[in-house]
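One structure is given below, encoded as structure tokens.
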Amino acid sequence: MKENFSIENLIKIGLIESEAKIYLNLLKKKSFTASEISRLSGISRSKTYEILNQLVKKGLCIEILGGVKRYASANPKTAFIGLQQKIQQEYETKKILMSNLSETLLPLYLSEQDYTNPMDYIQVISEKNRIVEKVESLERMATNEILAFTKAPYAMSINKSGDEQEFINLKRGIKCKSIYEVDEAKKPDFLKMIELCANSGEEVRVTYELPLKFLIFDGKIVMITLKDILTSKTHLTTLVVEHSDLARFFKNTFYNYWQKAMTLEEIKIKEKI
């Protein structure tokens, strides 16, 4: 365990794993031949020679000349001081290089300031946790209105406590409207969630079928969530598009469905809930 710990820490200061293993083995006795170190470390003889030469360059190993060349570990206390100085020197060199590069590259960056990539306003997210984080981030940033088509599958839990960001938004005066697909509304826990939202100030409607899921934030950003049509797995891909024209189109679509959708009381009567 102690040797593994030492190997991990030697790697952290810049050695590769094979260098760390050979250096630790060199510490075990006064000197070794390359063949002895190779057998002890489980590393091929040709590779061992290469690594020993690297350790010599780093000041961690000493060559002992004679009929058969032998190798000994350098005193760790003095060897690491030299290695520390080398790392510090490399750091200072890179620091100066980066400073010079920033001055050289700045004019090129400024010359491209007026260029806008047409894809810059589109973000694609496929990992569930990142989808949830993005929704919560956009909800926090909203200042006026959030409109939503809500249906399964869900990236976020449908079991609400009332402490979520959407409820915080309602408390700070953000207008929130959602249309829920009735298939899931038949479930008691889902119906409770809709009632909780309605009681908290969200305007809700229910319909029997929604074409897809989306959110519109402040009439500027649209978040569209799509199911994977190539597999049977419940895999979500989300597009986040910041474009007022697209947001306007989805907003018109939302209100077309809103006019035809049922209120919570109407769906309760219709479904005899």
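I need 245, 218 ordered by Cβ neighbour count within 10 Å, fewest first.
Ranking 245, 218 by Cβ neighbours within 10 Å, fewest first, gives 245, 218.
How large is ³J(HN,Hα) for each residue in segment 191-199, as worked out from phi by the Karplus curve 6.51 cos²θ - 1.76 cosθ + 1.60 (θ = phi - 60°), to whole Hz, x for Gly and Pro?
My calculation for segment 191-199 gives 4, 4, 5, 5, 5, 4, 4, 5, 5 Hz in order.
With θ taken as phi - 60° and the coefficients 6.51, -1.76 and 1.60, list the Karplus ³J(HN,Hα) couplings across segment 215-220 in order, rounded to whole Hz; mark glycine and proline as x.
Result, rounded to whole Hz: 10, 10, 10, 6, x, 10.
Pulled fully out, how much extra length does the chain show between residue 200 and residue 260, if you take 0.36 nm times their separation in residues and subtract their Cα-Cα distance? Working shown, then result.
Working: separation 60, 0.36 × 60 = 21.60 nm, distance 2.31 nm.
Going from the current span to full extension adds 19.3 nm.
Could you put 46, 18 in order, starting from the residue whose Cβ has the fewest other Cβ atoms within 10 Å?
46, 18
Calculated from DSSP H runs of 4 or more alone, at -39500 (n - 2.57) each and per residue, what is the 222 nm mean residue ellipticity of the chain, nearest 500?
Working: 11 runs with 140 residues, N = 273.
Computed mean residue ellipticity for the chain: -16000 deg cm²/dmol.
Over 28 Å between Cα atoms: which of 192/270; 134/227; 134/251; 128/272; 28/94; 151/268 fall into that group?
128/272; 28/94
Could you work out Rg/(2.2 N^0.38 Å) for segment 2-77, with Rg from alpha carbons only?
This ratio for segment 2-77 stands at 1.00.
Given 5 Å bins starting at zero, what is the percent of C-alpha pairs of the chain in each, up to the one with the largest pair distance?
Binned Cα distances yield the sequence 1, 5, 9, 11, 10, 7, 5, 4, 5, 6, 7, 7, 7, 6, 4, 3, 1, 1, 0, 0.
Run the numbers for residue 85 and residue 30: contour at 0.36 nm per residue of separation, minus the present Cα-Cα distance, in nm.
Gain on extension, residue 85 to residue 30, equals 17.2 nm.
To the nearest 20 Debye, how big is the dipole of the chain about its Cα centre, given +1 on the beta carbon of each Lys and Arg and -1 on that of each Asp and Glu?
1520
Rounded to the nearest 5, what % of DSSP beta bridges with both residues in the chain are antiparallel? The partial results should precede the final answer.
Values: 27 of 38 bridges.
Close to 70 percent.
FYI, it's all coordinate maths here, none of it is from the lab. In this text, all values refer to a predicted model and were calculated from it rather than measured experimentally. Cβ atoms come from the backbone with ideal geometry, glycine included; neighbour counts cover every protein chain shown.
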